[in-house]
1. Looking only at residues in segment 32-58 that are in contact with a helix residue (DSSP H, G or I) (Cβ under 8 Å, 6 or more places away or on another chain) and within 18 Å of residue 7 (Cα to Cα), which one is surrounded by the most Cβ atoms within 10 Å (Cβ to Cβ)?
2. Do you know which of the residues in segment 15-31 that are touching a strand residue (DSSP E or B) at 6+ places or on another chain (Cβ under 7 Å) and farther than 19 Å from residue 73 by Cα is surrounded by the most Cβ atoms within 10 Å (Cβ to Cβ)?
3. Which condition from (1) in contact with a helix residue (DSSP H, G or I) (Cβ under 9 Å, 6 or more places away or on another chain); (2) surrounded by fewer than 14 Cβ atoms within 10 Å (Cβ to Cβ) is the one that residue 74 breaks?
4. Exactly one of (1) within 21 Å of residue 73 (Cα to Cα); (2) touching a residue at least 12 places away in the same chain (Cβ under 8 Å); (3) within 12 Å of the chain's Cα centre (by Cα) is unmet by residue 12. Its number?
5. Tally the residues that are over 15 Å from residue 66 (Cα atoms), touching a helix residue (DSSP H, G or I) at 6+ places or on another chain (Cβ under 8 Å) and assigned to a loop (DSSP other than H, G, I, E, B), restricting the search to segment 2-23.
6. Can you name the residue in segment 59-69 that is touching a helix residue (DSSP H, G or I) at 6+ places or on another chain (Cβ under 8 Å) and outside any loop (DSSP other than H, G, I, E, B) and, of all such residues, is farthest from residue 3 (Cα to Cα)?
């Protein structure tokens, strides 16, 4: 599951990264409705995007470090 917003450049990079490694994930736009934003806050304890959830792991933001951590988790 990933939480994103349409105009967020980091959300775009996260989606491109996931597509490049062949990962299929459900995407939720936090601007779609108040319930999705509330769900993001419940999962991550913050409003930051992009946020990726893989199992019990939550990855907030997207940079090289997050990319490596997320890739390792998805390969397990």
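No lab work stands behind these numbers, since they all come straight from the coordinates. Note that this is a predicted model, so its numbers are computed, not measured. Here the Cβ positions follow ideal geometry from the backbone for every residue, glycine too, while neighbour counts run over all protein chains shown.
1. Filtering segment 32-58 for residues that are in contact with a helix residue (DSSP H, G or I) (Cβ under 8 Å, 6 or more places away or on another chain) and within 18 Å of residue 7 (Cα to Cα), the one surrounded by the most Cβ atoms within 10 Å (Cβ to Cβ) comes out as 52.
2. Taking the candidates together, the pick is 30.
3. Just one mismatch for residue 74, condition (2).
4. Checking residue 12 against (1) within 21 Å of residue 73 (Cα to Cα); (2) touching a residue at least 12 places away in the same chain (Cβ under 8 Å); (3) within 12 Å of the chain's Cα centre (by Cα), the one that fails is (2).
5. Total meeting the criteria: 2.
6. Applying the filter and picking the extreme gives 67.
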